[in-house]
1. Among bridges DSSP assigns within the chain, what percent are antiparallel (round to 5)?
2. Hey, can you find the accessible area per residue of region 317-423 for me, probe 1.4 Å, expressed in square angstrom?
3. What ranking of K369, K34, K187 comes out by heavy-atom accessible area, probe 1.4 Å, highest first?
4. Using only protein heavy atoms and a 1.4 Å probe, report how much of I400 is accessible, in Å² to the nearest 10.
5. Once the Cα gyration tensor of the chain is found, what semi-axes does its equivalent ellipsoid get, as square roots of 5 times the eigenvalues, in whole Å, sorted largest first?
6. Please give the solvent-accessible surface of D367 in Å², to the nearest 10, using a probe radius of 1.4 Å with every protein chain present.
7. Helix-derived [θ] at 222 nm for the chain: sum -39500 (n - 2.57) over DSSP H runs of at least 4, divide by residue count, nearest 500?
8. Using a 1.4 Å probe on the protein chains only, how many percent of the accessible area of region 101-289 belongs to carbon and sulfur?
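The values are calculated or read from the model by the stated rules, or taken from the named source; none is laboratory data. This one's a predicted model, so the numbers in the text were calculated from it and none came from an experiment. Protein only, heavy atoms only, side chains kept; ligands, DNA and RNA dropped before computing areas. Shrake-Rupley method; radii C 1.70, N 1.55, O 1.52, S 1.80 Å.
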Amino acid sequence: MGDKTLEGKTTRRGFLAGGAAAAAGAALVPAAAKAEGDPAILNLPSWTQELGAGVDAAPYGMPSKYEAHVVRRNVPWLTADSVSSINFTPLHELDGIITPNGVCFERHHSGVAEVDPAEYRLMINGLVDRELVFTLDDLKRFPRHNRVYFLECAANSGMEWRGAQLNGCQFTHGMIHNVMYTGVLLKDLLNEAGVKGSAKWVLPEGADAAGMTRSVPLEKAMDDCMIAFKMNGEALRPEQGYPARLVVPGWEGNMWVKWIRRLEVGDMPWHHREETSKYTDLLANGKARRFTWEMDAKSVVTNPSPQAPITHGKGPTVLTGVAWSGRGTIPRVDVTIDGGITWHEARVDGPSLPMSMHRFYYEFNWDGKPMLIQSRAHDSTGYVQPTKDALRKVRGESSIYHNNGIQTWAVNANGEAENVEIS
Ligand SMILES: Nc1nc2c(c(=O)[nH]1)N[C@H]1C(S)=C(S)[C@@H](COP(=O)(O)O)O[C@H]1N2
Ligand SMILES: [Mo]
């Protein structure tokens, strides 16, 4: 691998001296396994010699026991207590664009509220003509919509501001999930209540012990926000806000209030009333960037990565990852395996939906030499994902939130990957 500087950065010059870049090949057909001497094909496996479990064994199905390692994980030292904590989506074990419900990362300020759907109520009050209270059944009588959106916590990649730290895309990028929501448009509920002319903000409140309140501009609320009650076709999971949560497409996760029980329509945001300024970004000069709600375009290579090394040796190799933008779609992702000396356009495969994850692939013939792997997303506004150094120049190093810089994985000749930075 290349030389490491004192800051733990691998230099591009060192990388070039240490190993040659791999060449992309034309035909990428992996060698077929040989029958000769392979007991897995020569012998009859045990599962073909006995009857399997019946249809009543698992009324609610679970993944294969061989997939037991595919789980959300937390970083114990990050937070003092698991009820006010966060865990991470195992991005390196997933494919396509949808995050399965059981592994969607969770962020709670006061643990999971156990809401009885029969006693669930959603109130709209404040600057409205009619204050309204909806039951869950009432909500289901409004027109329903199905939309796929990513939810990213503004703190995703926050631990990486000062340098490469956590070894795995689950930990560096796993505060995100991408789900198909079924629900009703917030504007349909607000129109039912009749929003007064002086209204400028919607102030959603959660039913958890945190009583989480956030401020959403009325314009966004009347545009594409939803009250969702289904995720990927089934009821929201308790962790994700059962029985209903606010969906704020493209905007930072903390506004997506779970277990939502009240929406106050007002003329001022909460943080003006309470004089708090949570979730703002510190800049190098000590001033804060306020109102950075939209999530900037970002991408990460999920395979190979530190938790998902290359185990097949050189030859045909599939590199894959995810990209997303809070401002639209991802028409293009570039990838490099030589630390940015040469870039290749990746193949985006699967649905390309606004404010949703996109899946990309790059198939190449690995020469078995060390690689410096990066991906760079372009979004439909023309914005290009910046390097971490370019971000630091603008924001300094005391930021926590909104780190969308380009991630680097150094892969050694054994196929093992490590989180590094290059300069
Ligand atoms: N009621 C309530 N809503 C909440 C939170 C919370 O603690 N309580 N956490 C917020 C934060 S900071 C994030 S990032 C997202 C996380 O959503 P998830 O748990 O579905 O991943 O929920 C948001 N909504
Ligand atoms: Mo968050």
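1. 90 percent
2. That works out to 34 Å² for each residue.
3. On the way: K369 90, K34 155, K187 70 Å².
Accessible-area ranking of K369, K34, K187, largest first: K34, K369, K187.
4. For I400, the solvent-accessible surface is approximately 90 Å².
5. Values: eigenvalues 329, 165, 66 Å².
The answer is 41, 29, 18 Å, longest axis first.
6. 50 Å²
7. Details: 8 runs with 44 residues, N = 423.
So the calculated ellipticity at 222 nm is -2000 deg cm²/dmol.
8. 47 percent
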